[in-house]
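Q: Before we start, here is the structure in question, set down as structure tokens.
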């Protein structure tokens, strides 16, 4: 029973966007970044994620937990919606031949913002 309790957050975490990090290099490649820039953006993403995590740990005891949970869930959902919407627009534009790099770059910014929050 204790093993079940310890391992149950792992698959549930994949539904919250944790699996998104696996596709980071593919996302950067599809936007048109070079291999060196993909690597740099991936390292930057890890730094931004760690910064957000440490900031969250520092503030966790200073904020009301229920309000932080509700606000954080809303912000993360909003960031994921922005990232998903821009990514969908990027794919639709690429399929029709209307490639706008700003849409892809906006999706990357949403991706980074999602990981910070």
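Please treat every number below as a calculation from the coordinates, not as lab data. Just so it is clear, the structure is predicted and the values come from calculations on it, not from any experiment. Ideal geometry is used to build each Cβ from the backbone, glycine not excepted, and the neighbour counts take in all protein chains shown.
Q: What is the log10 of I(q)/I(0) for segment 38-117, computed with the Debye formula using one identical point scatterer on each Cα and no solvent, at q = 0.15 Å⁻¹?
A: -0.63
Q: Here is a follow-up. What's the exposure ranking of 48, 74, 27, going from fewest to most Cβ atoms within 10 Å?
A: Neighbour counts put them in this order, fewest first: 74, 48, 27.
Q: Here's a follow-up. Using a 7 Å offset from the Cα along the Cα-to-Cβ direction at both residue 63 and residue 102, what is the distance between the two label points in nm, to one decimal?
A: 3.2
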